[in-house]
Amino acid sequence: MVHTAETIRLRYFMDLLMEKQRPVMLVGNAGTGKSVLMRDKLEALSMDEYLVQSVPFNFYTTSDMLQAILEKPLEKKSGRNYGPPGTRRLIYFIDDMNMPEVDKYGTVAPHTLIRQHMDHGHWYDRTKLTLKDIHNCQYVACMNPTAGSFTIDSRLQRHFCVFAVSFPGQEALLTIYSTILAQHLALQKMPQAVQKLQPQLVATALALHQKVASTFLPTAIKFHYVFNLRDLSNIFQGLLFSTPECLKTPVDLVRLWLHEAERVYGDKLVDEKDQKGFGKVLADTCKKFFAELNEELVFAKPNIYCHFAQGVGDSKYMPVPSWPALNKLLVEALDNYNEVNAAMSLVLFEDAVSHICRISRILESPWGNALLVGVGGSGKQSLARLAAFISSLNVFQITLRKGYGIPDLKDLNANLAALTAEFEKATAEKIKCQQEADATNRVITLANRLIGGLASENVRWAESVEMLKEQEKTVCGDVLLVSAFVSYVGYFTKKYRVELLEKHWIPFFEGLAVPIPITPGLDPLSLLTDAADVAAWSNQGLPSDRMSTENATILCNTERWPLIVDAQLQGIKWIKNKYGEELQTIRLGQRKPDSTSGFLLQNIHLVARWLGTLEKMVEQYSLGSHEDYRVFMSAEPAPSPDTHIIPQGLLENSIKITNEPPTGMYANLHKALDLFTQVPWDDLRYLFGEIMYGGHITDDWDRRLCRTYLSEYVRPEMLEGELYLAPGFLIPPSLDYKGYHEYIDDNLPPESPYLYGLHPNAEIGFLTVTSDRLFRTVLEMQPKESDAGGGSGISREEKVKSVLDEIIEKLPEPFNMAEIMAKAAEKTPYVVVAFQECERMNILTHEIRRSLKELDLGLKGELTITSDMEDLGNALFYDSVPESWTRYAYPSLLSLGAWYADLLLRIRELEVWTTDFVLPATVWLAGFFNPQSFLTAIMQSMARKNEWPLDKMCLSVEVTKKNRDDITAPPREGSYVHGLFMEGETQSRP
């Protein structure tokens with residue numbers, strides 16, 4: 001650590017206070033060096049006198065976890081006394097103090113435990129529930145006020161002496177980094193011309209950092225655009241990798257700095273606009289400070305430094321001479337990797353090569369950790385594995401899932417032996433495969449000799465070759481189209497499947513700069529199945545419509561496990577018949593699966609807690625399993641995005657097939673015909689007798705009577721004669737299967753409530769709910785990214801900011817309670833109600849103002865976006881009232897816009913009432929937080945006026961024939977009220 005005047009001042013006070021056993025807290029933004037300063041102090045303490053326990057906090061730290069860490073260095077003394085070993089003093093270093101989760105009561109449980117210890121010198125044994133007195137301990141802490149919960153409980157903070165650690169000034173930074181770089185260049189005996197350039201380079205690096213930090217500001221989407229001391233230190237860490245072999249001229253030092261700047265700053269930038277902007281800033285800064293150097297040499301490409309530039313295994317941080325040379329190195333490294341590991345089929349294009357160099361640089365750095373962000377299949381895992389192999393590092397993969405915790409991280413080490421065994425098994429398999437490949441090559445050689453002798457077949461083969469050559473032109477396009485069909489269309493209904501093929505994929509292929517040829521009029525099913533397969537599926541119970549055939553084709557042509565959304569149970573029926581002697585059907589909720597060669601897991605949405613286990617089991621049994629091993633799963637779709645419970649791993653590794661439930665009488669009748677060959681009388685009796693009606697009947701004899709009635713009424717004879725299945729729909733005569741479908745087409749009346757025996761108005765509610773759901777779904781499907789669809793419209797972030805600004809702008813100031821109370825000479829029951837309503841309104845508006853200002857700072861990047869801010873932003877975007885507001889508000893079903901307009905009206909009513917406390921001519925009763933309190937005030941006023949006992953009072957309600965505007969003054973007794981709602985009825989007026 002390089003000290004500055006500011007850090008020396010802080011260190012003086014830390015020395016003084018910690019010697020006096022006073023708790024010290026350093027507060028500052030990320031990267032200001034507070035943790036480094038604290039660690040430097042703690043490392044300077046005498047090991048004979050002090051023991052240090054580091055306690056880093058995070059969002060998931062609980063008081064239970066904290067107590068276990070705090071107790072780890074303690075030993076039992078006498079009685080209930082505990083302390084550090086011997087006579088040493090124990091210092092607990094709490095880093096990121098304000099990071100743990102704040103519960104719904106506003107409490108941070110780990111803080112409560114620390115406060116208990118600091119206040120009372122003890123905590124409780126969590127098993128025996130007895131006191132433990134903890135002696136000879138003290139606390140020091142660090143926290144970042146722009147992250148986590150932003151603040152901590154004042155009852156805890158009062159114990160600490162708090163010091164602000166600010167970002168070092170320009171002079172201090174020059175001192176720090178000049179000292180670091182000058183020392184390195186001198187120790188490495190760099191050429192004098194390189195050493196002389198050091199002050200100029202440090203000034204340039206600081207100027208660039210200042211420009212980057214002020215240009216690329218954080219937002220809710222670009223939340224990681226935070227550039228601080230850590231970034232500067234990372235640049236100089238890269239410079240410290242240099243050797244005299246690497247830096248021979250001043251140009252070499254500048255090129256190394258340019259490379260480190262591109263890695264530290266450029267690799268953080270998420271879009272092309274920012275990357276181009278940074279490139280310009282970097283070039284301009286370099287030209288300004290190093291005008292004397294040859295531009296062509298300084299900016300020559302490629303400018304990539306890595307630790308394997310001179311060969312894998314020879315670790316020197318050197319520039320790569322050219323792209324072909326770098327590519328050759330990595331191809332050799334990949335071949336070596338594939339010799340001793342499960343083979344990776346990597347295409348080392350330019351971006352992939354660059355990524356490997358980036359990852360390798362991080363892995364070679366002290367405390368180097370990398371977070372790779374990219375869509376599935378972009379190569380994150382493969383590139384990281386190869387980079388680790390180059391650095392001679394072992395890879396241990398942890399697959400995170402919902403509910404993953406510390407115990408899981410501790411169960412997967414026990415699995416290392418198993419993984420080793422799997423590796424050895426895979427190696428043996430590889431050798432076996434190689435032997436089989438050699439044998440196959442021998443067979444091919446023999447076959448070629450045989451073909452040479454079959455000259456008589458030459459003519460027929462020549463014709464086949466010509467035909468295959470024609471097909472060769474389209475086979476790539478055909479296979480690509482069919483692969484896309486299998487991989488993607490299962491999600492969609494028939495309409496969208498056709499649209500994807502005909503309006504998007506095929507035109508896309510044809511419209512490319514180099515078009516991809518495909519067979520004209522290609523039906524994807526023609527390459528995947530034939531008429532015999534379709535006939536067999538039909539015999540096994542698969543409905544004969546096109547969509548069902550497509551679903552079956554997808555299911556039979558994928559190695560991934562299908563997740564079937566099968567509301568009508570058609571798919572399940574077919575799969576049972578198709579897979580029967582090998583496939584075991586499990587209805588989840590009854591029992592867990594045994595080992596078998598295939599599973600059909602139904603209703604997996606019913607066992608939310610077990611899905612994590614299922615995900616692991618599916619992954620475990622898929623390794624080394626038989627090639628025909630399959631897992632079929634069915635689930636109902638989640639009613640809303642918030643209630644999705646199926647793990648990401650299951651979704652990513654399975655082919656999704658959606659079976660669209662029929663809508664309306666017409667579609668349902670046709671589907672019923674596909675499903676049933678005869679009327680399922682027993683099923684219908686059970687449905688009516690045990691589920692729809694029987695569920696309400698608790699008496700056994702009554703249930704028996706119900707079943708008897710149903711056995712008499714629900715039977716084939718009820719269909720005899722001239723029977724109408726629905727109004728205007730006569731039962732058909734005896735026809736064949738095709739005839740019934742045609743009868744429905746020709747005779748079913750138009751869809752309407754009449755068809756179900758309902759009044760026409762019954763459709764209003766259904767259509768309202770359906771349209772609301774449709775528009776809500778469309779809204780939720782809008783892109784959440786910052787870039788709104790290639791520049792059209794406004795982004796999500798901009799919309800949230802617009803709504804936020806509009807609400808803040810219109811939000812009135814809180815009621816001045818002291819001023820309002822001073823106005824009321826007499827505290828009548830009505831005045832008390834007004835006070836209570838104003839206080840409740842202040843609490844609500846305070847929360848609205850506080851949360852919106854916090855979100856505003858988050859959107860600007862001045863505060864870290866928390867889950868509460870994210871929930872608030874989502875609510876503003878989707879026009880729904882945030883849950884954090886409804887907690888303090890009144891019941892309401894309105895959307896956010898209407899809710900806020902209603903809130904402003906309520907505030908206006910209160911403002912008018914509290915001007916002179918004269919009871920309004922007519923009171924908006926529904927506009928109160930607590931309407932009951934106003935009704936009670938009416939009875940209290942009457943009781944006081946007439947000296948009647950309050951407990952004998954009751955309310956009398958009279959409905960007038962007047963409108964609100966007709967009322968000009970309150971009544972002598974009681975009050976006029978308006979704004980009540982009646983459901984299912986209306987008030988008649990003459």
DSSP bridge orientation in the range 1-157 - percent antiparallel, rounded to nearest 5: 20 percent
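Show me the three semi-axes of the equivalent ellipsoid for the range 125-201, from the C-alpha gyration tensor (sqrt of 5 times each eigenvalue), largest first, rounded to whole Å. Before the final figure, lay out the partial values.
Values: eigenvalues 455, 69, 23 Å².
After scaling each eigenvalue by five and taking roots: 48, 19, 11 Å.
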Span per principal axis, largest first, for the Cα atoms of the range 902-968 (Å): 38, 27, 21
The range 271-320 - convex hull of alpha carbons, volume per residue in Å³: 104 Å³
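For the chain, with only Lys/Arg (+1) and Asp/Glu (-1) charged at the beta-carbon, what is the dipole magnitude about the Cα centre, in debye rounded to 20?
Roughly 3420 debye, rounded to the nearest 20.
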Three semi-axes of the equivalent ellipsoid, the range 844-990, Cα gyration tensor, whole Å, largest first: 39, 18, 14
Mean residue ellipticity (222 nm) of the chain, computed from DSSP H runs ≥ 4 via -39,500 (n - 2.57), nearest 500: -15500 deg cm²/dmol
Value of relative contact order over the range 5-164, rounded to a whole percent, pairs C-alpha under 8 Å and six or more apart: 33 percent
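Working out 0.36 nm times the residue gap between Lys952 and Asp699, then minus their Cα-Cα distance, what length gain in nm do you get to one decimal? Could the numbers behind the result be given before it?
On the way: separation 253, 0.36 × 253 = 91.08 nm, distance 4.34 nm.
Gain in length upon complete extension: 86.7 nm.
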Calculated P(r) tail over 19 Å for the range 169-300, as whole % of Cα pairs: 48 percent
Set of lysines near Lys76 by C-alpha distance (under 22 Å), chain-local residues within fewer than 8 positions excluded: Lys128, Lys132
Relative packing of 492-501, 298-307, which averages over residues the other C-beta atoms within 10 Å, highest first: 298-307, 492-501
Farthest toward positive dipole pole in the chain [+1 Lys/Arg, -1 Asp/Glu at C-beta], among Gln198, Trp681, Phe299: Gln198
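Going from the alpha-carbon gyration tensor of the chain, what semi-axes, largest first and in whole Å, does one get by taking the root of 5 times each eigenvalue?
Details: eigenvalues 644, 578, 183 Å².
Listed largest to smallest, the semi-axes of the chain are 57, 54, 30 Å.
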Dipole axis of the range 599-642 (+1 Lys, Arg; -1 Asp, Glu on Cβ), positive-most option in Trp610, Met633, Leu623: Trp610
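Using the Cα gyration tensor of the range 470-582, with a ≥ b ≥ c the square roots of its eigenvalues, what is the shape: rounded (a/c below 1.5), prolate (a/b larger than b/c) or oblate (neither)? Intermediate values should be presented prior to the final figure.
Values: a/c = 2.44, a/b = 1.89, b/c = 1.29.
Prolate shape, in that a/c is at least 1.5 and a/b is the bigger ratio.
Going by average Cβ density within 10 Å per residue, which order do the peptides 737-749, 20-32 take, highest to lowest? Working shown, then result.
On the way: 737-749: 13.1, 20-32: 18.5.
Descending mean neighbour count gives 20-32, 737-749.
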Part-to-part distance (alpha-carbon centres) for the range 299-357 and the range 687-751, which is given in Å: 73 Å
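What is the mean projected area of the alpha carbon convex hull for the range 599-642, to one decimal in square nanometres?
Details: hull surface 14.8 nm².
Hull-based average projected area comes out at 3.7 nm².
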Residues of the range 305-320 with amide N under 20 Å of a point placed 7 Å along Cα→Cβ from Glu350: 305-306, 319-320
The chain: DSSP helices with Cα axial extent of at least 27 Å and average Kyte-Doolittle hydropathy no lower than -1.0: 416-453, 458-488, 762-780, 829-860, 896-916
Ranked packing of 103-111, 863-871, most packed first, by mean Cβ within 10 Å: 863-871, 103-111
Eligible aspartates and glutamates near Lys810 by straight Cα distance, threshold 13 Å, same-chain separation 8 or greater: Asp902
Over the range 5-164: Kirkwood hydrodynamic radius from C-alpha pairwise inverse distances, Å: 16.3 Å
Candidate lysines - alpha carbon under 18 Å from Lys328, same-chain residues fewer than 8 apart omitted: Lys301, Lys316
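Just want to confirm a number: the relative contact order over the chain, from Cα pairs under 8 angstrom separated by 6+ residues, in percent. If you can, show how the numbers build up before the last one.
Numbers: 992 pairs, mean separation 68.1, N = 990.
Normalised by residue count, the contact order of the chain is 7 percent.
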For the range 646-803, convex hull of alpha carbons as volume per residue, Å³: 270 Å³
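Which FRET efficiency value, to the nearest 0.05, do you get for Ser392 and Glu6 by plugging their Cβ-Cβ distance into 1/(1 + (r/R0)^6) with R0 = 51 Å? Let's see the in-between values first.
Numbers: r = 41 Å, r/R0 = 0.81.
With R0 = 51 Å, the Cβ-Cβ based efficiency is 0.80.
The numbers here are math on the coordinates, done by the rules we state, and not lab data. Since we're looking at a predicted model, the values are computed, not measured. So basically every Cβ, Gly included, is an ideal-geometry build from the backbone, and we count neighbours across all protein chains shown.
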